[in-house]
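Take a look at the structure below.
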Amino acid sequence: MKTGLRILAGITAAVAVLGAGLALYPRKDGQGDGKKDPATRSLVPRPGESVRADWPAEDVFSKAFWRHPSADDRIVDAVRVESAGDDGVSRWAWFIKVHPSAALLQDLRDPLRFGLIPTGSPKPQLPADISAPAWFRITGGEVLQHPVQGMTLRYHADGNLLYVSDHGRGFSKAYGQ
C-alpha cells in the first residue's frame, strides 16, 4: 500500500516539475514570436489600477470563444489586456489572429451562437485608451460584429485568417476575497 502511494506521489511530482519547466520556455510552434507587443500594453491604467497583459494564447482563445482551440485551430497571435483595481477587473480587451477551423468559423458566423451579424460599416470597436497590437488587421475582409457589444470579427478567406477583438468593462472580485 505504501509503495503504491509513493509511486503515485513520485509520478505527480514529476508531472508538476515537467509542467512548470515547459511553462518557462518560449514556444517554437509558430504561435506568435513570444514577444509582447508594446501596443498591447496601451490600456492606460487609471489611478489605483494596474495592467496585466501576459495571458497565454490558448487562454485568450478559451476566454474569447468559450472553448479550447481544436487541433484545426492554429493561433498565430493572441493577447488579452486587463486593467484592475482593488475592486477587481475594471476594463479588458483581447485580440486574436488565428487560422480558424471550419467548425470555429461556422460557429462564429451563426448569429445564435455569438450574436455576430454581417455588416458593411462596423462601428468603432475600441475606446481611445486601447490600441490594437501591430499584427492585428483592422481593415478588409468579411466583417461580423455584435450589434450591442464590442466583439468584431474580420475574416480574410485568402490565407484563411481570422482577426477577432472584443473589449468591455470588468467584473468585481468574489464576495469575501
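The values are calculated or read from the model by the stated rules, or taken from the named source; none is laboratory data. Quantities reported herein were computed from a predicted structural model and do not represent experimental measurements. Here the Cβ positions follow ideal geometry from the backbone for every residue, glycine too, while neighbour counts run over all protein chains shown. When the accessible area is computed, the model is the full protein with side chains, heavy atoms only, and any ligands, DNA or RNA have been set aside. Shrake-Rupley method; radii C 1.70, N 1.55, O 1.52, S 1.80 Å.
Put THR152, THR119, THR139 in order of accessible area, largest first, 1.4 Å probe: what do you get? Display every interim value, and only then the final one.
Numbers: THR152 5, THR119 45, THR139 85 Å².
My answer, sorted largest first, is THR139, THR119, THR152.
Provide the per residue accessible area, probe 1.4 Å, for region 100-152, rounded to a whole number of square angstrom. If you can, show how the numbers build up before the last one.
On the way: 2960 Å² over 53 residues.
That works out to 56 Å² per residue.
Net charge around TYR155, counting only other residues with Cβ within less than 9 Å of its Cβ (Lys, Arg = +1; Asp, Glu = -1)?
In short, +1.
Once neighbouring chains are kept in place and the probe is 1.4 Å, which whole percent of the accessible area of region 61-177 is contributed by carbon and sulfur?
54 percent
What are the ³J(HN,Hα) values, in whole Hz, obtained from phi via the Karplus relation 6.51 cos²θ - 1.76 cosθ + 1.60 with θ = phi - 60°, for each residue of region 75-83 in sequence order, with x given for Gly and Pro?
Coupling constants for region 75-83: 6, 8, 8, 7, 8, 10, 10, 10, 10 Hz.
Give me the net charge for the shell around LEU126: Cβ to Cβ below 12 angstrom, other residues only, Lys and Arg +1, Asp and Glu -1.
Values: positive: ARG91, LYS123; negative: ASP129, ASP166.
Net local charge, LEU126 excluded: 0.
Under 5 Å between amide H atoms, partner at least 5 residues away or on a different chain: which partners does ALA132 have, H built in plane at 1.01 Å?
Result for ALA132 returns nothing.
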